[in-house]
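The values are calculated or read from the model by the stated rules, or taken from the named source; none is laboratory data. These numbers come from a predicted model, not from an experiment. So basically every Cβ, Gly included, is an ideal-geometry build from the backbone, and we count neighbours across all protein chains shown.
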């Protein structure tokens, strides 16, 4: 009996070609993806800062936003009065967080005071319950709102309102970043 | 010659009448009214209250469309060609606007980023996919974040229209004061309540900014994605989760009612209070105040009913 070995027409090359084709598709796709991808690097905050979105609790986030908005009103009132308004005046104007309402009670019972240290001014809100929310400091400068937080339970009024002195006294600057939705095509 | 005299008089009177006809056109060119485009209902109210009768406010999408599911149409894109500026939410609620502006007759129309100075919160629920990079775009559902936007819009409009800048700032301030009045009125009803102990769930992840004003934090978000109803297995998981977290109140959607919300109520026994997302119906200047007053009342009622 004679045995004849008949090799397949492709002689096993089909598998090789399919493997090569698959690999090239994967390589092509990987190249296209890497060329088109945009890096979204997480903007980290400096060591003396605290991130408003990630690191503040709900009560602190509420107070922080209100301080940002209050600064607009404080500067306008300063123009009219020729002096910075006292927290009492701000409360009478109904400007949170200086008002005394149920929200004050649920967010740490802050007591507000206008500090005058050297040539600098700041609104200090001492927390009545540092477990609920830390104490706040809003520096009264016409630039963007400069807000500091201190979570220790025995906060004393700072003797110097410069950044280095505040950092040394345990205050941390609240950093808030504006980044449009990641789903959006950026054009700004 | 009398005939030449007549033709000169005719020419003179023709020129005069032409001048008279052109005068209002030329005057209006001097005193050009700003045309301000907006994308969402709250922004219509904000801008209308800021500009009063000195500018026109033009919605990019017609009333009746749900901004969550809106796809730009040719006639809406065409309208952008007539605008002087567009006010955007810009943090995820009107992503369609960028694409519309890019393909419009005026791709370089100035844009005001209303939220540029608002401290943003991270998205919650399913929208939080993307490793914390997605922000919650519903800043307009909070009084404080709205005032921040109104002040910002007024300042930016003033730069484009310096003659009216002071008028815009004054109006923004008066409007902000009215809105603060709404907040004060609502909080005034809660003098002794300890709202922060209330455990709250929402159907749509939209109300974090609003609830921050009451010192409340959202414990759970029920809906997998806006407008998408949960599957029966997701629904069961949600109901188990609500029981486990001992949620006392659910804030649902007034504008987009769904039958599964009733199922959740029936099965979990948690009381449901509908809030409005302010993105439905006609565009009016008063809409934001009216609907926010209703939202604030609803939250107050929920806190009072639960007696916490």
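State yes or no: is residue A:83 surrounded by 14 or more Cβ atoms within 10 Å (Cβ to Cβ) and at pLDDT below 95?
Details: surrounded by 14 or more Cβ atoms within 10 Å (Cβ to Cβ): no; at pLDDT below 95: yes.
When the stated conditions are applied, residue A:83 does not pass them.
Pairing each residue of region A:120-132 that is within 14 Å of another protein chain (Cβ to nearest Cβ) and in contact (Cβ under 8 Å) with a residue 12 or more places away in the chain with any residue that is surrounded by fewer than 22 Cβ atoms within 10 Å (Cβ to Cβ) and part of a strand (DSSP E or B), provided the two are 6+ apart or on different chains, yields C-beta distances under 9 Å for A:127/A:111; A:128/A:111. One residue stands out in region A:48-68 among those that are more than 7 Å from every other protein chain (Cβ to nearest Cβ) and under 14 Å from residue A:130 (Cβ atoms): the one that is surrounded by the most Cβ atoms within 10 Å (Cβ to Cβ), namely A:63.
From the list A:84, A:149, A:138, A:115, pick out the single residue that is assigned to a strand (DSSP E or B) and touching a helix residue (DSSP H, G or I) at 6+ places or on another chain (Cβ under 6 Å). Result: A:138 is the single residue among A:84, A:149, A:138, A:115 that is assigned to a strand (DSSP E or B) and touching a helix residue (DSSP H, G or I) at 6+ places or on another chain (Cβ under 6 Å).
Checked against (1) within 14 Å of another protein chain (Cβ to nearest Cβ); (2) under 23 Å from residue B:293 (Cα atoms); (3) touching a residue at least 60 places away in the same chain (Cβ under 8 Å), residue B:93 passes all but condition (3).
Restricted to helices (runs of 4 or more DSSP H) entirely inside region B:56-168, those with at least 3 residues that are surrounded by 18 or more Cβ atoms within 10 Å (Cβ to Cβ) are B:96-102, B:143-160.
Here is a yes/no grid of residues against (1) modelled with pLDDT of 90 or more; (2) over 23 Å from residue A:173 (Cα atoms):
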{"position": "A:53", "(1), (2)": "no, no"}
{"position": "A:68", "(1), (2)": "yes, no"}
{"position": "A:71", "(1), (2)": "yes, no"}
{"position": "A:92", "(1), (2)": "yes, yes"}
{"position": "A:100", "(1), (2)": "no, yes"}
{"position": "A:104", "(1), (2)": "no, no"}
{"position": "A:111", "(1), (2)": "yes, no"}
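Among the residues of this structure, residue A:108 does not count as one that is in contact (Cβ under 8 Å) with a residue 24 or more places away in the chain and not in a loop (DSSP other than H, G, I, E, B).
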